[in-house]
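Here the structure is laid out as structure tokens; the discussion comes afterwards.
The values are calculated or read from the model by the stated rules, or taken from the named source; none is laboratory data. This structure is a prediction, so every number in the text was calculated from the model and none was measured. In this analysis, Cβ positions are derived from the backbone assuming ideal geometry, glycine residues included, and neighbour counts consider all displayed protein chains. These accessible areas exclude ligands, DNA and RNA; they are computed on the full protein's heavy atoms, side chains included. Shrake-Rupley method; radii C 1.70, N 1.55, O 1.52, S 1.80 Å.
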Amino acid sequence: GVGFISNTLQGSYWSSRSLQPDYSRIKVPVMLWSGWADCYPTSILRAFSKLDVPKKVFVGPWGHYWPEEALPGPRIDFRYEMLKWFDRWLKDVDTGVMEEPPVTVFVRKYKEPAAHMYLEDAGFWRHENEWPPMRNQATPMYLHPDGELSHEDPASENAPDKYAYNPAVGTNAGIYWGGGIMPWAMPVDQRPDEAYSLTYTTSPLEQDLEVTGNPTVVLHVASTADTAYFHVKLTDVAPDGTSKWLTDGGLLATHRNSHSKPEPMEIGKIYEIEIDLKYVAYLFERGHRIRLSVASADFQNAWPAAKPAVNSLYRDKRYPSHLVLPITPSQSPQLRAPDLKPSPRPNATAADIATNTRH
């Protein structure tokens, strides 16, 4: 905590502790793993995509705990996977691990959100040959008047949408950086936050739609203050209206060009900012809707902005604010299903929530 408070800008304190300046420094074979309910899957998968060594990655549904005991399930016997890896690279035993596809990922599906971490999440396991999948189709979806989100090009001119900065937005987002350490603070129905946000929603989907990769958002924004934070959430809206948090991202607009040399905003000037969302692997089901919400706070997960403001979001042909979804077609040819061994403790119970609070 002290290091973070004393080093709020990008600099040697952070770069000296990070792989990002030069992933080529890694010369040894690497196996990585994380879980969608933890805080690390994006950095884990980013590192995997950058490494140029023998490598393998697993991302399950889990929080911050061992896959044999983690919540939510399904759990696996990860010791079996580690043994295959270490026997190959430490004992030179041909375990066949390098003939397997290098990516094993749990693709999530809709399950009603709950404040307590699920015992078992909904979804399925799949292998991939790379991350992100090469077959992905980067698909823009534009923000329109009346809260519509669609593939249609924006109109020539439209008045911007405006909203007052409300620092309490985000109370329903959970403390997701806690992962499995705090299993009672998961994201719940996002509609109370959306009441104080701008929201843009698709029509009900006519067929299932998978999004596995790295979504991004481009916003054209202005503010009545010289500093403003912009936060976006991607949610799955069920037929009953429940809005389930999937991923999000944010950017302090003074950092639009650099995290080491912030620049104040000129009041009223329109800026284009790009926000990377956390990585995701998710199947939107037929009849559900995709929603993007925009606000200027993410209470509990981001520092509040320094000044009150009314912020404007532009979304027309000149300023085409949009979401870019990595839409993932079916594999062709289809890879075989992962052969994962069940955990010695496959059946989670409510008592396991207490176990998963240990770190």
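Remind me, what semi-axes does segment 148-301 give for its equivalent ellipsoid, largest first in whole Å, using sqrt of 5 times each Cα gyration tensor eigenvalue? Walk me through the numbers before you get to the answer.
Working: eigenvalues 131, 83, 43 Å².
Semi-axes from the Cα gyration tensor: 26, 20, 15 Å.
Of all trypsin sites (Lys or Arg not before Pro) in segment 67-127, which ones are in loop regions per DSSP and have a Cβ with at most 11 other Cβ atoms within 10 Å?
Working: sites: 75, 79, 84, 88, 91, 108, 109, 111, 126; in loops: 75, 91, 109, 111.
Answer by residue number: 91.
Where nothing but the Cβ of Lys and Arg (+1) and of Asp and Glu (-1) is charged, how large is the charge dipole of segment 226-271 around its Cα centre, in debye to the nearest 20? Each step should come with its number before you reach the end.
Values: 5 positive and 6 negative charges, 25 e Å.
I would put it at about 120 debye.
For segment 171-271, what is the relative contact order in percent, using Cα pairs closer than 8 Å and at least 6 residues apart in sequence? Walk me through the intermediate numbers first.
Working: 116 pairs, mean separation 25.7, N = 101.
Once normalised by length, the contact order is 25 percent.
Given the peptides 197-208, 225-236, 164-175, arrange them by the average over their residues of other C-beta atoms within 10 Å, most packed first. Each step should come with its number before you reach the end.
Numbers: 197-208: 16.0, 225-236: 23.2, 164-175: 18.3.
Order by mean packing, descending: 225-236, 164-175, 197-208.
Ranked highest first by average number of other Cβ atoms within 10 Å, how do 94-103, 63-72 line up? Let's see the in-between values first.
Numbers: 94-103: 14.6, 63-72: 23.2.
Averaged packing, sorted descending, gives the order 63-72, 94-103.
Looking at segment 101-165, which GluC sites (Glu not before Pro) are DSSP coil and have at most 14 other C-beta atoms within 10 Å of their C-beta?
Values: sites: 120, 128, 130, 148, 152, 157; in loops: 130, 152, 157.
Taking segment 101-165 and a limit of 14 other Cβ atoms within 10 Å, the loop GluC sites (Glu not before Pro) found are 130, 152, 157.
Quick one: if you take sqrt(5λ) for each eigenvalue of the C-alpha gyration tensor of segment 89-145, what semi-axes come out, biggest first, whole angstrom?
Values: eigenvalues 219, 95, 15 Å².
So the three semi-axes of segment 89-145 are 33, 22, 9 Å.
Give me the three principal axis extents of segment 72-176 from the C-alpha atoms, as integers in angstrom, largest value leading.
Largest first, segment 72-176 extends 65, 35, 23 Å along its Cα principal axes.
Can you work out ³J(HN,Hα) from phi for every residue in segment 293-306, in order, using Karplus 6.51 cos²θ - 1.76 cosθ + 1.60 and θ = phi - 60°, giving whole Hz and x for Gly and Pro?
My calculation for segment 293-306 gives 10, 10, 8, 10, 8, 9, 3, 5, 10, 9, 4, x, 5, 7 Hz in order.
Using θ = phi - 60° and the Karplus form 6.51 cos²θ - 1.76 cosθ + 1.60, what ³J(HN,Hα) does each residue of segment 230-247 get, whole Hz, x for Gly and Pro?
10, 10, 10, 10, 10, 10, 9, 9, 6, x, 7, x, 4, 10, 9, 5, 10, 6
Suppose the chain between residue 83 and residue 114 were pulled fully straight at 0.36 nm per residue; how much longer would it get relative to their current alpha carbon spacing? Mind dumping the intermediate values first?
On the way: separation 31, 0.36 × 31 = 11.16 nm, distance 3.50 nm.
Length gained, residue 83 through residue 114: 7.7 nm.
Leaving out ligands, DNA and RNA but keeping every protein chain, what accessible area does residue 110 have, in Å² rounded to the nearest 10, with a 1.4 Å probe?
50 Å²
List the aspartates and glutamates whose alpha-carbon lies under 18 Å from that of residue 50, not counting same-chain residues fewer than 8 positions away?
Partners within reach: 22, 128, 130, 276.
Express the Stokes-Einstein translational diffusion coefficient of segment 213-324 in µm² s⁻¹, to the nearest whole number, given a Kirkwood radius over alpha-carbon pairs, 4 °C and a viscosity of 1.567 mPa s.
Working: Rh = 15.0 Å.
Reported coefficient: 86 µm²/s.
About its Cα centre, how strong a charge dipole does segment 1-156 have in debye, to the nearest 20, once Lys and Arg get +1 and Asp and Glu get -1 at the Cβ? Provide the component values of the computation, followed by the final result.
On the way: 17 positive and 21 negative charges, 120 e Å.
The calculated dipole for segment 1-156 is roughly 580 debye.
Convex hull over the alpha-carbon atoms of segment 114-223: what's its volume per residue in Å³? Could you put the intermediate results ahead of the total?
Numbers: hull volume 19.8 nm³, N = 110.
Normalising the Cα hull of segment 114-223 by residue number yields 180 Å³.
In a Gaussian network model over the chain where Cα atoms closer than 10 Å are linked, find which of 62, 85, 14 has the largest mean-square fluctuation.
Comparing 62, 85, 14 in a Gaussian network model of the chain, the most mobile one is 14.
Modelled label-to-label distance, residue 274 and residue 95, 7 Å Cα→beta-carbon offset: nm?
A separation of 3.9 nm, rounded to one decimal place.
Sum -39500 (n - 2.57) across every DSSP H segment of at least 4 residues in the chain, then divide by the residue count to get the 222 nm mean residue ellipticity, nearest 500. Provide the component values of the computation, followed by the final result.
Details: 6 runs with 40 residues, N = 359.
About -2500 deg cm²/dmol.
Mind computing the radius of gyration and Dmax over the alpha-carbon atoms of the chain? Å is fine for both.
21.1, 66
Express the relative contact order of the chain as a whole percentage, based on alpha carbon pairs under 8 Å and six or more residues apart in sequence. Intermediate values should be presented prior to the final figure.
Values: 839 pairs, mean separation 84.3, N = 359.
For the chain, the relative contact order is 23 percent.
Looking only at Cα atoms, what is the convex hull volume of segment 1-159 per residue, in Å³?
Details: hull volume 34.7 nm³, N = 159.
For segment 1-159, the hull spanned by Cα atoms encloses 218 Å³ per residue.
Which value results for Rg/Rh of segment 258-322 when Rg is the Cα radius of gyration and Rh the Kirkwood radius based on the inverse mean 1/r? The partial results should precede the final answer.
On the way: Rg = 15.6 Å, Rh = 15.6 Å.
Here the Rg-to-Rh quotient is 1.00.
Give the angle, between 0 and 90 degrees and rounded to the nearest 10, that separates the Cα long axis of helix 41-50 from the longest principal axis of the Cα atoms of the chain.
In the chain, helix 41-50 runs at an angle near 70 degrees to the longest axis.
Compute the long axis of helix 78-90 from its Cα atoms, compare it with the longest principal axis of the Cα atoms of the chain, and write down the angle in degrees, 0 to 90, nearest 10.
70 degrees
Starting from the Cα of residue 162, draw a straight line to each of the lysines and keep only those under 30 Å, dropping any in the same chain fewer than 8 residues away.
Reachable lysines: 233, 244, 261, 269, 278, 307, 317.
So for segment 218-287, averaging the separation of alpha carbon pairs under 8 Å that are six or more residues apart and normalising by length, what relative contact order in percent results?
40 percent
Hey, for a label at residue 9 modelled as a point 7 Å past Cα toward Cβ, could you say which residues of segment 281-316 have their backbone N under 20 Å away?
Zone members listed by number: 303-307.
Placing unit charges on C-beta atoms (Lys and Arg positive, Asp and Glu negative, everything else neutral), compute the dipole magnitude of the chain about its Cα centre in debye, rounded to 20.
On the way: 36 positive and 43 negative charges, 166 e Å.
With only Lys, Arg, Asp and Glu charged at Cβ, the dipole is about 800 debye.
I'd like the FRET efficiency for residue 267 and residue 25, computed as 1/(1 + (r/R0)^6) with the beta carbon distance as r and R0 of 45 Å, rounded to 0.05. Don't skip to the answer; put the middle values down first.
On the way: r = 43 Å, r/R0 = 0.96.
According to the calculation, E is roughly 0.55.
Using a Förster distance of 45 Å, how high is the FRET efficiency between residue 17 and residue 168, based on the Cβ-Cβ distance and rounded to 0.05?
Numbers: r = 33 Å, r/R0 = 0.72.
Efficiency for this residue pair is about 0.85.
Starting from the Cα-Cα distance between residue 122 and residue 318, subtract it from 0.36 nm times their residue separation and give me the gain in nm to one decimal. Let's see the in-between values first.
Numbers: separation 196, 0.36 × 196 = 70.56 nm, distance 4.08 nm.
Roughly 66.5 nm would be gained on extension.
Once you've got the GNM for the chain with C-alpha springs shorter than 10 Å, pick whichever of 188, 30, 280 has the biggest mean-square fluctuation.
Of 188, 30, 280, the most mobile in the Gaussian network model is 30.
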